[in-house]
Amino acid sequence: MEQLSKSYNSNVETEIYSLWFKSGLTNPDNMEEYLKEEGYEVKTPFTIALPPPNANANLHLGHVCGYSFHDVMGRYMRMSGHPVLLLPGKDHAGIQTESVFTKQLEKEGKTKEDLGRKEFYKQAYEFCMKNAENAREQEKRIGLSADFSRELFTLDSKLTKIVYETFYSMFEEGLIYRDKRIINQCPNCMTALADIDTEHELKRGIFAYIKYPLVDNPGEYITVATTRPETMLGDAAVAVHPDDERYSKYVGKKVLLPIAEREIPVIADEEVDMELGTGAVKVTPAHSPVDFELGQKHGLEVVNVINEKGLMEGDIPERFKGMGTVECSKALVKELDEKGLLEKIENTEHEVTVCERCRTNIEPIISNQWYLNVKPLAEKALKELKEGNIKVYPRGQQKALMHFYENIQPWCISRQLWWGQRIPVWYSGGKKLYDWLLENEGKTVQDFEKETGVKVSGTGELYLGEEEPESTNGEVWEKEEDVFDTWFSSGQWPFSTLGGPQGDDFKKYYPTQVMIHARDIIFWWSARMIMMGLYRTGQVPFKDIFVTGMILADDGSKMSKSRGNSVEPKEIFERYGADALRLWYYSDALPGSNAPLREEKIKGNRNFVNKIWNASRFIIMNIDKSEISQISEREIKKTEKVAKTEKHLLKVGKYIEKYQFNLGAESIREFFWHQLCDIWIEEAKKQIQNEDIGSEKRIEVLTELLHILKENLKIMHPFIPFVTEAVWQELVNLNLAEGMLMTQQMMSL
RNA sequence: GGGUGAUUAGCUCAGCUGGCUAGAGCAUCACAUUGACAUUGUGAAGGUCACAGGUUCAAGUCCUGUAUCACCCACCA
């Protein structure tokens, strides 16, 4: 009978995809209608909010493959009677996009200031939309059966509105506040960074031993050791361990800070490590996170000497002003040496914090930022975890998540960027005034004017809202320049995408079922989605978190563009097809494991895909046109083989429900190849080889074989949707099947 | 320093609540096949399940300790 091509050609995959997409049945509302029309029971909706990839670049292999987990769940659920919503989107990725796009502007010889905030935003938006389009193509290429009619971008006004509502409500409850804290400042990106946006690098540095003379004991001094001499200009104290006998006599006395010529106290604190350096440590609250804590504890003065550009400033000798930190360090060391206050300098290697994007050294500085007190939210999240309302796979990650919640710190939610959701706040009389009044409790606007010499018109009050408020008595409203940390909006993804707590989709599709992503973002994303979800909706945003493995280069190293060892998804699609890639990923990228991408492994899976094609082809070829009606009308007898097949379907279904995709993939391969092909088809060959066309024996054997093939196609479909649908459509052409495999129901389950 | 996990065939890993004569894929070797598929079939080789103790009738599987590795968090004056 009809001649199918000798091997499966993965080029048909795009064609198959458009078949699915055109049907509109990836939209759960349509799917629900379809189920009703076909007389199936409509089960509860199944929702996954897909992790939105960053809209500043093409998708990498990890993204693309990750979606095959979402899709296997989605397809299986759809075939089991659930209207399935796989909700796609794209993330604006604040810092990263701003950095990528600014670099692109640089190549054109422009800066973001040249464009101005509005134009910058507009162009960055276009840039993201272009990338989003590419990303969407890749998502389709892997076979993701998502409802693209609902696709969203994190900066869509619908989402922003919901994010703002959350902000207003949190502010009113006192969870959000402005605070002066030490932050990670990237002097290059000119923004505060969350800890997550920083990395650590081992760099060469110096260890300078500097003598601080005692004020009341001429000739005596305390030597402190520091890797950053320039920060001494901002020192507020020298700290020693209370049990340290070498220094106990000095505690409570004062030393004269060289060069700055300021008197600072000697304090005692348990935190000080007696073994390290000289056992005496200089305390610079303004420029070191630890020192900041120490300073707060001991009520020390905060002396700012480095500005947000990483240059020296503030209450320091004129000659150092405007210097970079390294330059200043050198100059200081030289002067100290001349004064005989430099004991020695050691070369050392130490970890420094750098900006994840541009690798610039992070400058810890004091800054006014917006904070969210996440502690009460974390407590609720922790409770849900403990009660088992959210489960993390692999289980070990659950403990890690609990530990994270138990030790959570206030979250800095403001970023000094242009790209993002601008914090909807207005300051009467200006931001500086507001912060000043906050720091100087009890003082008034008049005090501000007197002490700073700046004239303001306003009350120092805040107004929350997007639109500029009415100006009464000629007061001037200053708009907040900062934008939200990206995680503040992506943390609301599962409900913001469904239209917020009032949305129709929300009512129908929330909470979602499962969150699937790579392990590196569990704290930064999932942890926040749980907190924000509980806060806004009172419900957990998803019941399960499934953490995928990481794709590595074939030598086991991390894939990265800079190393040149990254593999484009496109290459794999072209050479082996999406099904082969998916199949490889199910078995290799298990939770907690690494998956080095080896070509020969994908090849092996491609062979299996081809095997499916050829076994189907064999069965189709053996059915004569004249036998079709007899075969399709014949009742399926529950033979041993059919029963075994049913059992197989149930088993694989269980694996999918338990997120054991590797076992599922292994089973479908084992059953199809080594049971159906190697044994049953071989048997069938012998049974029909001497039979006449249309004979009872032939009809019996072929009917059973075809049925088993179709059942196998169904259970394999969630894993490898393309080849199975391609075969199904061949069957449809011959009147041996109907409709699309994607929407077939697994009735035996 | 804190946390989490890993350690099973050459490689990447399965092995759920203890019953294994320890599996898969890829790689290797031998043989077969122009027959749906050379993108195939049949078979072989390859492992004291990191190490040391313990619990048990029975341990890859549970407990304790040791070692090595990985990731995350904190920090390094």
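The values are calculated or read from the model by the stated rules, or taken from the named source; none is laboratory data. Since the structure is predicted, the reported quantities are computational estimates derived from the model, not experimental observations. Counting neighbours? That spans all protein chains shown, and the Cβs are built from the backbone with ideal geometry, glycine included.
Quick check on this structure: which one of A:215, A:224 is surrounded by fewer than 17 Cβ atoms within 10 Å (Cβ to Cβ) and in contact with a Lys or Arg (Cβ under 8 Å, 6 or more places away or on another chain)? Walk me through it before giving the result.
Details: A:224 fails: surrounded by fewer than 17 Cβ atoms within 10 Å (Cβ to Cβ).
Going through A:215, A:224 in turn, just one is surrounded by fewer than 17 Cβ atoms within 10 Å (Cβ to Cβ) and in contact with a Lys or Arg (Cβ under 8 Å, 6 or more places away or on another chain): A:215.
Here residue A:102 meets each of (1) touching a helix residue (DSSP H, G or I) at 6+ places or on another chain (Cβ under 7 Å); (2) free of Cβ contacts under 8 Å to residues at least 12 places away in the same chain; (3) over 20 Å from residue A:414 (Cβ atoms) with one exception, condition (3).
Annotation note: Cβ proximity below 6 Å between a residue of segment A:326-345 that is small (Gly, Ala, Ser) and a residue that is surrounded by 16 or more Cβ atoms within 10 Å (Cβ to Cβ) and in a helix (DSSP H, G or I) (sequence gap 6+ or interchain) occurs for A:329/A:229; A:329/A:230.
Helices (runs of 4 or more DSSP H) fully within segment A:1-116 that include at least 3 residues being under 30 Å from residue A:547 (Cβ atoms): A:13-23, A:61-78, A:94-107.
Among the residues of segment A:285-300, those that are surrounded by 14 or more Cβ atoms within 10 Å (Cβ to Cβ) and either part of a loop (DSSP other than H, G, I, E, B) or in contact with a Leu (Cβ under 6 Å, 6 or more places away or on another chain) (or both) comprise A:285, A:286, A:287, A:288, A:300. Checked against the criterion of being closer than 30 Å to residue A:156 by Cβ, β-branched (Val, Ile, Thr) and either touching a helix residue (DSSP H, G or I) at 6+ places or on another chain (Cβ under 6 Å) or crowded, with 18+ Cβ neighbours inside 10 Å (or both), the candidates A:408, A:362 yield just one match: A:408. Which one is farthest from RNA strand B (Cβ to nearest atom), of the residues in segment A:572-610 that are basic (Lys, Arg) and in contact with a helix residue (DSSP H, G or I) (Cβ under 6 Å, 6 or more places away or on another chain)? Residue satisfying both the conditions and the ranking: A:582.
State all residues of segment A:672-696 that are among the basic types (Lys, Arg) and surrounded by 11 or more Cβ atoms within 10 Å (Cβ to Cβ); if no residue qualifies, say none.
First pass over segment A:672-696, keeping only residues among the basic types (Lys, Arg): A:685-686.
Scanning segment A:672-696 gives a single hit, A:685.
Would it be correct to say that residue A:149 is part of a helix (DSSP H, G or I) and at pLDDT 90 or above? Spelling it out, residue A:149 is indeed part of a helix (DSSP H, G or I) and at pLDDT 90 or above.
Checked against the criterion of being surrounded by fewer than 23 Cβ atoms within 10 Å (Cβ to Cβ), under 27 Å from the mean Cα position of the chain (by Cα), touching a residue at least 60 places away in the same chain (Cβ under 8 Å) and more than 16 Å from RNA strand B (Cβ to nearest atom), segment A:76-94 contains one or more residues that satisfy it. Residue pairs whose Cβ atoms lie under 8 Å apart, separated by 6 or more positions or on different chains, with the first residue in segment A:598-610 and closer than 18 Å to residue A:559 by Cα and the second more than 6 Å from RNA strand B (Cβ to nearest atom) and hydrophobic (A, V, I, L, M, F, W, C), are A:601/A:584; A:602/A:572; A:602/A:580; A:602/A:581; A:602/A:584.
Each row is one residue, and each column tells you yes or no for (1) surrounded by fewer than 17 Cβ atoms within 10 Å (Cβ to Cβ); (2) farther than 17 Å from residue A:736 by Cβ.
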{"residue": "A:617", "(1), (2)": "no, no"}
{"residue": "A:624", "(1), (2)": "yes, no"}
{"residue": "A:627", "(1), (2)": "no, no"}
{"residue": "A:639", "(1), (2)": "yes, yes"}
{"residue": "A:650", "(1), (2)": "yes, yes"}
{"residue": "A:664", "(1), (2)": "no, yes"}
{"residue": "A:667", "(1), (2)": "no, yes"}
{"residue": "A:670", "(1), (2)": "yes, yes"}
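Residues of segment A:270-283 that are under 15 Å from residue A:294 (Cβ atoms), within 9 Å of RNA strand B (Cβ to nearest atom) and surrounded by fewer than 16 Cβ atoms within 10 Å (Cβ to Cβ): A:271, A:273, A:276. Considering only residues that are within 11 Å of RNA strand B (Cβ to nearest atom) and among the hydroxyl-bearing types (Ser, Thr, Tyr), which ones fall in segment A:655-704? Once the filter is applied, which keeps residues that are within 11 Å of RNA strand B (Cβ to nearest atom) and among the hydroxyl-bearing types (Ser, Thr, Tyr), segment A:655-704 yields A:655, A:659, A:667.
Quick check on residue A:33: is it closer than 30 Å to residue A:739 by Cβ, surrounded by fewer than 22 Cβ atoms within 10 Å (Cβ to Cβ) and either among the acidic types (Asp, Glu) or modelled with pLDDT under 90 (or both)? Before the answer, list the steps.
Working: closer than 30 Å to residue A:739 by Cβ: yes; surrounded by fewer than 22 Cβ atoms within 10 Å (Cβ to Cβ): yes; either among the acidic types (Asp, Glu) or modelled with pLDDT under 90 (or both): yes.
Considered against the rule, which asks whether it is closer than 30 Å to residue A:739 by Cβ, surrounded by fewer than 22 Cβ atoms within 10 Å (Cβ to Cβ) and either among the acidic types (Asp, Glu) or modelled with pLDDT under 90 (or both), residue A:33 comes out as yes.
Taking (1) touching a residue at least 24 places away in the same chain (Cβ under 8 Å); (2) within 28 Å of residue A:171 (Cα to Cα); (3) surrounded by fewer than 17 Cβ atoms within 10 Å (Cβ to Cβ) in turn, residue A:544 satisfies each apart from (2). Here is the figure for segment A:132-177: residues that are surrounded by fewer than 17 Cβ atoms within 10 Å (Cβ to Cβ) and closer than 29 Å to residue A:362 by Cα total 1.
All conditions in (1) under 24 Å from the mean Cα position of the chain (by Cα); (2) without any contact (Cβ under 8 Å) to a residue 24 or more places away in the chain hold for residue A:159, with the sole exception of (2).
Considering every residue within segment A:514-534, establish whether at least one is within 16 Å of RNA strand B (Cβ to nearest atom), closer than 18 Å to residue A:63 by Cα and of a type in the set (Gly, Ala, Ser). Yes: segment A:514-534 contains one or more residues that are within 16 Å of RNA strand B (Cβ to nearest atom), closer than 18 Å to residue A:63 by Cα and of a type in the set (Gly, Ala, Ser). If we scan segment A:627-642, do we find a residue that is within 10 Å of RNA strand B (Cβ to nearest atom) and among the hydroxyl-bearing types (Ser, Thr, Tyr)? No - not one qualifying residue is present in segment A:627-642.
Condition first: over 16 Å from the mean Cα position of the chain (by Cα) and away from RNA strand B (no atom under 16 Å from the Cβ). Can you find one or more residues in segment A:545-556 that meet it? I'd like the intermediate steps shown before the answer.
Our first condition is that a residue be over 16 Å from the mean Cα position of the chain (by Cα); within segment A:545-556, this holds for A:552-556.
Then keep just the ones that are away from RNA strand B (no atom under 16 Å from the Cβ); that gives none.
No, segment A:545-556 contains no residue that is over 16 Å from the mean Cα position of the chain (by Cα) and away from RNA strand B (no atom under 16 Å from the Cβ).
Just checking, does segment A:249-261 include any residue being part of a loop (DSSP other than H, G, I, E, B), surrounded by fewer than 18 Cβ atoms within 10 Å (Cβ to Cβ) and either within 11 Å of RNA strand B (Cβ to nearest atom) or touching a residue at least 40 places away in the same chain (Cβ under 8 Å) (or both)? Before you say what the answer is, go through the steps one by one.
So the first thing to find is which residues in segment A:249-261 are part of a loop (DSSP other than H, G, I, E, B), and the list is A:251-253, A:258-261.
Now restrict to residues that are surrounded by fewer than 18 Cβ atoms within 10 Å (Cβ to Cβ): A:251-253, A:261.
If we keep only those that are either within 11 Å of RNA strand B (Cβ to nearest atom) or touching a residue at least 40 places away in the same chain (Cβ under 8 Å) (or both) as well, we get none.
Within segment A:249-261 (the criterion being part of a loop (DSSP other than H, G, I, E, B), surrounded by fewer than 18 Cβ atoms within 10 Å (Cβ to Cβ) and either within 11 Å of RNA strand B (Cβ to nearest atom) or touching a residue at least 40 places away in the same chain (Cβ under 8 Å) (or both)), the answer is no, since none of the residues qualifies.
Just so you know, in segment A:266-280 the residues that are part of a strand (DSSP E or B) and under 14 Å from residue A:223 (Cβ atoms) include one that is farthest from the chain's Cα centre (by Cα), and it is A:266. For segment A:280-335, filtering for residues that are of a type in the set (Gly, Ala, Ser), farther than 14 Å from residue A:232 by Cα and in contact with a helix residue (DSSP H, G or I) (Cβ under 8 Å, 6 or more places away or on another chain) leaves 1.
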